[in-house]
Amino acid sequence: LLSSDILWSDYDSVERTPFQSMERWQDAWTLDSIRQNDPITITSYFLEQAIPLPAPAVHRGINILLHIFAAILLLKILETLKLPAAFSAALIFALHPATIQTLFWPGYRTEIISLICILSALYFGSRNRNALDYTATILLTTIACLIHPAAFALPIILALIILNQERHVHAHSFNRVLPLICLCLFLAVWINSGNSGIETTAETLSATERLNHVGQNMAHFSRQALVPINSALFHPFDKGANYQIGAQMSLLPFLLFVPFFILIAFNIRKAWARAILLGLSAYLLLIAYGTSQDGHFIDGEIAHEDHYLYVALPMILALVITAFGRLIYNMGVAGKPLWAMGCSLLLFIEIAITGSFAYSIAEPTRMWTVMSERWPNAWQPQAALLDSIPQTEEGEAPLFTNKELIAMLETILEKRPDLVEKRKTLARIFAEEGQRTNALREYKRILRETHPDNEFLEEAARFLDKTGLSWDATKTRERKTKTQEHL
């Protein structure tokens, strides 16, 4: 990932972070900005620009280091809770292919920093050895809530941790959660009061359509967490899919969790049931915000984005891995080699998928090629692909034939006829291929609809001379002369 030189692509028409429209880092720390955005992440984007190293490598290097720190925090929490297979769960999260979009595509560092704050708050809250731990829990909860809406679930998750830790639960065991509830309620009111006057440009959907989007997001995120074989930076959103049950309600993906909660209810006094309740509830609480949001492809088209899964991903992975770890460890001596083989196979598969995905996006031409194939109706990836094609050495076969380049350029210009440079390229390729009629059409359109520079006017005049249109060539050169006199 560090080898890629793409960062803040001009072809991405979606603003992924307010940093893209800010001129100074101080703007991130105004009262209104703190209520709406993550000032810590925005400031980090400004600071990394001062590092005298290639910006893309610095940006992703910081993301990867933060991600490793998040994985270590997950390990520490699982060890604090005395859950089996803690290291395996943390390692599988660290190498999971669903984290790649968050680490690679610029603008998603908020997810990583917010996860670090959430896990840190849970670590100190679950440890709770002294007043310093509790103070750290309150401070980290405050920061987490200010930078990510999913953090408002922290008091409930901490209460479930207490339920999991305590053999004999009493009402006073949850006393330390009450201040956190009050803090989160206050922050929620304060943040929403600052956002009440902000106009939204989001697509207006009916309640049924919104539920359907939530259901499809939930199905996609759960599938990506547990069976991440469909690796991509952006996943097409199937608007025709219908996750509906009964009276126009998109509940099917959520109903899949109901049997687990029924099982927990009948075994709530058992430690394994409380552990499953903790993991499952933490996942659903942290993924709730992500399922309610619509991701967007670089052309603004609605899409699934895995960065919405990032904050909740450790919870579902920890639940599954530690649950299987407990089952296999209970087998006694025979369970250890079985776990070693099973976990090694899982890691091998995961590394293969993650490595293949990372390789496919590390080189710009490969990345835009894959994206063009996946989004054939969008002109942006095709235009970016044309810009990323490396120059071929003499005797080396070109990546695309002229026929393929013509097809791509015509597709782009059909949707964006104002891209003059692409039209110039198309005219030159037509001329190179001997398609003089097509080349003439493109040259004349450029001359008619734009004000080209002297260099292109001379190029067009030479082409007109070759086609026998001397009068047109003279008129074209006269435009060049007039332009020079004007200058």
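The values are calculated or read from the model by the stated rules, or taken from the named source; none is laboratory data. On a predicted model such as this, the values are computed, not experimentally measured, just so you know. Here the Cβ is made from the backbone with ideal geometry for all residues, glycine too, and neighbour counts use every protein chain on show. Quick note on the areas: whole protein, heavy atoms, side chains included, nothing else; ligands and nucleic acids left out. Shrake-Rupley method; radii C 1.70, N 1.55, O 1.52, S 1.80 Å.
The table below gives the values:
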quantity	calculated
Net dipole in debye of the chain [+1 Lys, Arg Cβ; -1 Asp, Glu Cβ; about Cα centre; nearest 20]	1720
Crossing angle, helix 154-165 versus the chain [Cα axis fit, 0-90 degrees, rounded to tens]	40
Relative contact order (percent, whole number), the chain, Cα cutoff 8 Å, 6+ residue spacing	16
Probe 1.4 Å, accessible area per residue of the chain, Å²	51
For Cα Rg over 2.2 N^0.38 Å, calculated from these coordinates, the label among [x] 1.10; [y] 1.21; [z] 1.04	[y]
Among 41-54, 297-310, 325-338, the order from most to least packed when residues are scored by Cβ within 10 Å on average	297-310, 41-54, 325-338
Two-decimal ratio, the range 318-428, of alpha-carbon radius of gyration to 2.2 N^0.38 Å	1.80
Given charges at Cβ of Lys, Arg, Asp, Glu: the range 285-413 dipole, positive-most of A362, L399, M315	M315
Debye, to nearest 20: dipole size of the range 371-463, +1 on Lys, Arg Cβ, -1 on Asp, Glu Cβ	540
In degrees, nearest ten, helix 335-362 long axis to first principal axis of the chain (Cα)	20
Burial ranking of peptide ranges 314-322, 71-79, 261-269 (average Cβ count within 10 Å, highest at the top)	314-322, 71-79, 261-269
Angle in degrees between helix 178-195 and the longest Cα principal axis of the chain, rounded to the nearest 10	20
Dipole in debye (nearest 20) - the range 221-378, about Cα centre, beta carbon charges: Lys, Arg +1; Asp, Glu -1	920
Cα shape, the range 1-84, gyration tensor, a/c 1.5 rule	oblate
Sites N192 and A171, calculated FRET efficiency, Cβ-Cβ separation with R0 35 Å, nearest 0.05	0.70
Computed FRET value (nearest 0.05) for R436 with N377, which takes r as the C-beta separation and R₀ as 30 Å	0.45
CD proxy at 222 nm, helix term only [per DSSP H run n ≥ 4: -39500 (n - 2.57); per residue of the chain; nearest 500]	-20500 deg cm²/dmol
Unit charges at the beta carbon, dipole of the chain: most positive-side option, I138, S21, N217	I138
Unsatisfied cross-links (Cα-Cα over 23 Å) in the set K415/K475; K415/K480; K444/K480	K415/K475; K415/K480
Volume of the Cα convex hull of the range 27-161, divided per residue and given in Å³	121
Shape call, the range 253-375: gyration tensor on alpha carbons, a/c limit 1.5	oblate
Proximal aspartates and glutamates to K270, defined as alpha-carbon separation beneath 15 angstrom and excluding residues fewer than eight positions away on the same chain	E166
Euclidean distance of C-alpha centroids, the range 65-93 and the range 135-179, integer Å	19
Carbon and sulfur %, accessible surface of the chain computed with the full protein complex present, 1.4 Å	61
At R0 = 30 Å, FRET efficiency that the Cβ-Cβ distance of R462 and E404 yields, to 0.05	0.70
Positive-end residue of I287, P381, I264, charge dipole of the chain with Cβ unit charges	I264
Packing-based ranking, highest mean first, of 472-480, 148-156, 364-372 given that Cβ atoms within 10 Å are counted	148-156, 364-372, 472-480
